[in-house]
Structure formats: C-alpha cells, structure tokens
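Just so it is clear, none of the values below were taken in a lab; they were calculated from the coordinates. Nothing here was measured: the structure is a model prediction, and the numbers come from that model. FYI the Cβ positions are ideal-geometry reconstructions off the backbone, even for glycines, and counts take in every protein chain you see.
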Amino acid sequence: MFKRLLYVGYNPVLMELDSYPFFQQADIRSINIIITSTFGQGNAPDGGIKVEEWLTSGKTNLNDDNKHADDSSVAHSSETASTMCSPLLWCSYAVCAIGSSAYPFYCGFGKLVDTKFEELGGKRLLPMGTCDALNQQLKSYNEWETLAVKTLRKAYPHACLRLEIDETVSANASRPDRGTFSNVEDQLIFNTSILSASISLEFYSDRKKRMAPAEHKGPFTRDKPFVATVLQNIELVTVQNILGDAAIESSKRFSANPQNQFQQSSISSIVRTITIDEQHSVRLLVFDTTGLSYSPGDHVCVLPENTLSNVNDFLLACGWKPDDERLDQSCSLASLTNGKYETIREILTQYIDLITTPQPHMLKLIASFASDPGEQRAILELGKGAQRYEDWKINAPSVKEMLNQFPSVKIPLDEIIQLQPRYYSISSSTRFNENQLHITVGVATYITPRGVIREGICSSYLQQTVPLLSLDGKKTDPSAAEKASKVKLFVLPNIHFRLPGSDKKSTNMPPTVNISEDLFVPLNSPLLMVAVGSGIAPFRSFWQELQMLQSLKGKSEIKIDRVLFMGCRTPNDFLYAKELESISCNTDNNENILTTVVPVYSRGTSAAKRYVQDAMFDYEALIYSIVKHENGFIYMCGSTRACQGVESALASIIENCSEDGITSEEAADFIKRLKENGKIKQDMFG
Ligand SMILES: Cc1cc2nc3c(=O)[nH]c(=O)nc-3n(C[C@H](O)[C@H](O)[C@H](O)COP(=O)(O)OP(=O)(O)OC[C@H]3O[C@@H](n4cnc5c(N)ncnc54)[C@H](O)[C@@H]3O)c2cc1C
C-alpha cells in the first residue's frame with residue numbers, strides 16, 4: 001500500500017498505529033489507512049495496544065478528564081463542543097483487517113477500530129476490508145487495496161501530486177530494462193537505481209532510537225531486540241527415526257509408480273505433514289535474559305536466522321563468493337534496512353526468508369525478472385495460483401530451488417520476502433528462574449510426498465542452537481561462552497492470559513488485605529487449566545510462579561483447587577511429567593501446587609481416542625465447583641480447534657450440573673459472560 005501510494009503521487013508516512021497521536025485534537029484533516037491483524041480474544045497486536053486501550057476505556061472524549069474543572073467556565077462554542085464529543089472529526093479513515101476465520105474473534109480488532117472511529121466522528125472512506133487466511137487472503141487484500149487507492153484519489157484528488165500518471169504504467173515504468181545479471185552484486189546495484197531514490201520505508205515513531213546499535217537496555221522490540229545467550233537446549237520428546245522411515249516409505253511409493261510424478265491430486269489429500277499435533281521433537285530452550293522483564297503468560301518473539309548451509313547454498317546459487325563480502329551501502333537493500341547489516345552474508349542470514357515457498361502474488365513479481373520468455377510464461381502460469389501452483393508447491397520448493405528451476409530469473413534481494421518473527425509462550429517465571437527465560441518448542445518438520453524432509457524455519461533454527469551449559473548446568477568447556485549461540489528476541493506482554501491479579505480484566509478478585517497481599521492473589525485463586533500439546537508451555541510459567549509465591553508465603557490452611565488437564569498423543573509426549581509429579585504431591589516443600597493433574601492420551605493404549613474434553617466429563621463436579629461456586633479462573637491453551645472443543649465441553653458441564661436446570665442457551669450465555677469478565681482466558685495458536 002505504501003509503495004502504491006507513492007507511485008500514484010501521495011506522500012504517505014508509514015508508522016505503527018500507537019505512534020499516531022489520535023488522542024490529541026488536530027486542526028487539519030488527516031487521512032489514516034489502518035491495516036491491522038487481531039490478537040488473542042479480539043485484541044490489538046503489538047503496536048496497537050495504546051489505541052485499543054483508548055478506544056475501550058470509555059474515555060475517548062477529549063474533555064473526559066477535565067469535565068468537572070470546566071463546570072464553572074463559560075460554555076464552549078457549539079463547534080468546539082462537537083469536536084470535544086467527536087474527537088475524530090478531523091480524521092478520514094479506512095480499515096483493512098487481516099485475520100483467520102479459524103479464530104472466534106475473527107478480525108476483532110479491525111472491527112473495533114472501524115466502528116469506534118465512526119462513533120467518534122471519523123469519516124469512513126470505504127467499507128472495512130476483511131482478509132481471511134483460510135480464504136484467498138491475498139486476493140481479498142489486493143482487491144481492498146485497489147478500491148482504497150481509487151476511493152482516496154476520488155475523495156482527495158488535490159492530495160495526489162502526480163494525478164496524470166496512470167498507476168499501472170507508473171509501476172512498470174519504475175523498472176528499467178532488466179537485462180541479465182551474473183550475481184547478487186549486479187542485482188543489488190541494479191536495484192539501487194530503481195528504488196532507493198524513490199522509496200525509503202520509514203517508521204515515523206522513534207526511528208532513530210529503534211535503529212540504535214543493540215544495547216542491553218529496553219524497551220526491546222523487533223528493530224531493537226534483546227540478544228540472549230542460549231544456556232540450555234534440552235530435548236524433551238525424541239522422534240525415533242520416524243522421519244527417516246516415513247521419508248523412505250514416501251519416496252518408495254513414488255518411485256514404485258512413475259505415474260505419481262505427474263499425479264494431479266490436490267495437496268491436502270497427499271501431503272504427509274507432521275504438524276504440531278503429530279510426532280515431533282520438542283525442546284526446552286533456556287536463555288540468559290538478565291535485564292529483560294516479563295510476566296508468566298507473556299509471549300516472546302524470536303527472530304529466526306537462516307542456517308549456515310542454506311545461506312552458503314544461496315550464495316553459491318547466485319554465483320557469489322561464500323565469504324563476508326561487504327554490502328554496497330548505497331544500494332536500496334542497505335537503505336531499506338537502515339544500514340543495519342554490513343555484509344551480504346549477514347543480510348542473507350538475518351533478513352531474507354530463503355525457505356518459504358513463494359506465494360502466487362510473489363511469483364507474478366518474480367516472473368517480471370525472468371529474461372527467458374518461456375520461463376516467464378511458466379512462472380506467470382504458476383502465479384495464477386490454481387491446481388498447477390498446488391502441484392508445484394507440493395514439494396515446498398524454497399526460493400533457491402525456485403531460482404535453480406528458472407535460471408534466467410535475476411531478482412533483486414529486496415523483492416524477496418523478509419524473515420518474520422515467531423511467537424512462543426514463555427515457559428518460566430523470573431521469580432523462579434532469575435535472569436532466565438524458557439520456551440517449549442515443537443520442532444516443525446514435514447515430509448513431502450516425494451520424501452523430501454522440510455523443517456520449519458524458526459523451530460529448526462532454535463533446535464540447532466549451541467548451548468552454553470551442559471544438561472547438568474555446567475559450562476561445557478573453557479571456550480563455551482564464545483561458541484554459545486545468541487538469539488534475538490523481544491517480549492510481547494499478553495495481559496489477557498496472565499495469572500489472576502496480574503491482568504487488567506479480572507473481576508471479582510479474591511479479597512486482599514493490603515498491597516503486599518496482592519502478590520499472593522494467584523495463590524488464593526482456584527484455577528482450571530486445560531492444555532493441548534505444546535499448549536502446556538505457558539502453564540509451566542504459572543506453576544513455577546505459584547511455587548515461588550508459596551515458598552514466600554508459607555503454608556496455608558485453606559485448600560485451593562488448582563487443576564490441570566493435559567492432552568497429548570502418547571505418554572511419551574507428556575511434557576514436564578516429572579516436574580508435574582513433584583508439584584502435585586503433598587511434600588514439605590510443595591503443598592499441592594496443583595491439586596489435580598489429568599493427562600489424557602489421544603493415541604494411548606485404549607482403542608478409543610480420548611481428548612481432554614472427554615476427560616473433563618469425568619471431573620464434572622470438580623469443574624462445576626471451581627467455575628460456579630469457587631469463582632475460579634479458567635485457562636485454555638492450544639490450537640483454536642482444541643480450545644473450541646474445551647469451551648463447548650465446559651458449557652455442557654455447566655448445563656449438566658446446574659442446580660437450577662438451565663438450558664444449553666443459558667449455559668452458552670454464562671460462558672460468554674465469563675469471557676467478558678476475564679474469567680475464561682484463552683491463548684490459541686495454530
Ligand atoms: C501466540 C502464539 C504462541 C505460540 N507458542 C508456541 C509455543 O509455546 N511452542 C511452539 O512450539 N509453538 C508456538 N507457537 C507456534 C510458533 O510461533 C511457530 O509457528 C512454530 O514454531 C513453527 O514455526 P517455524 O518457523 O518453525 O515453521 P514455519 O517455517 O513458519 O512453518 C510453519 C507452517 O508452515 C507450513 N509449512 C512450512 N514449510 C512447509 C513444508 N515444507 N511443507 C508443508 N508445510 C510447510 C506448515 O503449515 C507449518 O505449520 C505459537 C504461535 C503463536 C501465534
């Protein structure tokens with residue numbers, strides 16, 4: 001959108017939503033185009049949290065804070081009064097919400113912004129766009145963007161400096177004759193002439209501060225991440241050569257039947273994908289995070305890097321020397337990344353996604369860099385995204401493999417997509433593990449139908465990190481500090497999934513005596529926790545925090561129910577089983593931190609599959625008591641589908657156990673209210 005607005009002659013400024021001063025009254029009309037994802041339960045993503053708070057606080061009117069002070073003063077003119085009550089009168093806006101309809105609060109934050117802005121006097125330029133990850137997301141986005149630019153040009157022709165330039169012509173005209181390139185350097189230099197003069201992608205807010213060289217001083221963000229040393233990298237679940245066997249099986253099937261090479265089958269029917277719910281290696285990563293603060297329940301974002309072998313492969317494929325050749329600082333890629341990277345190796349390692357298969361829209365762009373007309377046609381055909389594309393991506397070709405397949409393509413590096421950070425639920429408490437942050441990582445591994453093993457970018461990067469300490473917590477050798485991997489990360493507060501008392505939405509908290517007693521609110525709160533697969537990750541931060549609080553507070557006479565249901569495939573996948581055993585029995589040190597732990601195996605020894613929601617019915621009375629009588633808190637973590645299953649089981653239990661004989665609609669209503677009051681908290685991924 002930013003590039004497109006530039007092409008048609010506007011002078012846009014790109015910034016985070018929270019950086020824009022919506023809260024202040026403006027004298028001049030301003031046009032705001034807001035493109036946003038949604039997070040958690042219809043909440044703002046990082047970078048929109050302040051605006052969300054402003055819109056939901058009920059204090060959106062500019063005079064809210066000084067209503068009383070103004071009572072004695074002369075009445076405002078009617079114009080000023082209306083501005084005060086409609087603080088966004090100056091604002092024309094358009095919202096595009098990006099999301100996935102797999103989640104219950106689909107595009108929730110975008111919808112909030114769109115409706116609230118109108119209520120506050122903003123002028124909506126066009127209907128809100130919704131782009132669904134499960135339904136042609138990119139197509140929807142492109143359509144919305146085209147409509148938005150058209151509407152803007154119609155509504156504000158005077159704001160457009162180069163009206164006479166046709167949009168498509170201008171976009172093409174900016175690309176000079178491509179010619180041929182022998183290596184990356186040519187591509188970079190070629191690219192300098194196209195883009196650096198016309199586009200400098202800038203974040204308006206605190207740019208200089210964000211781009212400052214990394215220091216260990218917060219706040220830590222994507223642009224200024226915390227650099228954490230890997231202390232330990234422990235395998236919790238091992239894959240016993242399952243991948244090897246499956247890959248051999250899969251390739252045998254294909255070589256046995258040559259027709260399979262050309263089989264026109266839809267990807268979903270034949271891809272053998274090992275997903276988060278299937279058998280895979282799971283690791284506990286322990287980082288040294290001295291100076292970084294977080295709370296149990298928060299997320300950490302990891303900035304992945306491409307592996308050495310992938311970078312070397314890519315350098316060689318481009319005919320570039322595999323040493324640390326310096327990046328031409330005048331090229332557009334250097335200016336795009338604000339001079340953060342000094343060598344081509346650095347930029348290939350940390351900035352460019354060398355693995356993810358290009359999507360159809362990307363292929364259309366790539367086609368324009370093919371000098372061979374036959375290759376160009378073939379790539380354009382793939383870019384149509386139909387069955388041919390599905391068949392091509394069946395083996396998940398990486399960018400490098402695609403370039404090998406179409407050797408006439410010479411693409412500027414800054415047209416290749418960027419590596420994106422990955423979220424992980426924090427699995428530790430700083431009170432329990434001072435100066436450390438732990439995560440539980442399921443290593444994403446896939447086998448294509450032709451037996452090619454593929455790995456998730458970030459989880460395999462983390463899997464391969466070298467720890468400073470051995471399993472018993474000792475330094476491996478004198479040079480360990482030098483060898484230990486450093487991982488860039490930053491924390492994303494997840495206030496909607498914190499322990500009671502540490503979040504902003506919990507109501508009906510257990511009574512506390514004084515401020516210091518507030519610390520122990522989590523200990524006084526009955527908890528029902530339901531985890532599926534890697535969904536156990538945040539609960540480890542909870543039980544560590546509770547352990548620490550309990551050791552600070554000392555023994556208590558009152559028994560508080562704290563129940564954990566853990567859904568996994570087999571006993572082998574029961575993560576942290578030993579730890580859980582030690583905290584769920586009554587010893588001198590641990591007074592039943594968890595009062596009941598129920599592991600549920602979906603592929604256990606019994607013939608029937610059993611999921612957590614099935615097992616919950618065995619504990620109906622206990623669950624009902626926690627939810628209804630003890631005023632407890634319910635936490636769910638895992639895939640969206642699993643959380644939905646747990647939620648409907650909970651509604652059935654409430655209906656079954658209710659003393660007043662309520663209907664299923666009333667039970668569903670009750671669940672809805674619990675969610676609104678912050679009593680049900682969900683952390684969904686996948
Ligand atoms: C809020 C939140 C919290 C999370 N917490 C955790 C956590 O605690 N622990 C955890 O393990 N994960 C967690 N995740 C998931 C995590 O962020 C990553 O998505 C996960 O580790 C995979 O990332 P990756 O880079 O390894 O894989 P990617 O490279 O991103 O690949 C992931 C997906 O891409 C597709 N894919 C990629 N390559 C192929 C291929 N070759 N063949 C077929 N399909 C392919 C698959 O659909 C796959 O699911 C969380 C996610 C969110 C949003």
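A few notes on this one:
- Stretchable slack from SER648 to ASN395, in nm (0.36 nm times residue separation minus alpha-carbon distance): 87.3 nm
- Which listed pairs, of LYS553/LYS675; LYS3/LYS384; LYS224/LYS681, have C-alpha distances above 25 Å, in listed order: LYS553/LYS675; LYS224/LYS681
- Cα→Cβ-extended label distance, 7 Å offset, between SER30 and ARG222, nm: 2.1 nm
- The length gained on full extension between LYS139 and THR570, counted as 0.36 nm times the residue separation minus their Cα-Cα distance, comes to 151.1 nm.
- Region 496-684, Rg to Rh (Cα coordinates; Rh as Kirkwood inverse mean 1/r): 0.95
- The lysines within cross-link reach of LYS217, meaning a Cα-to-Cα straight distance under 19 Å and a gap of 8 or more places when in the same chain, are LYS208, LYS209, LYS340, LYS486, LYS488.
- Distances between placed amide hydrogens fall under 5 Å for ASN32 paired with SER92, TYR93, ALA94, all partners being 5 or more residues away or on another chain.
- Neighbours of MET636 by Cβ distance under 13 Å: Lys/Arg scored +1, Asp/Glu scored -1, total +2.
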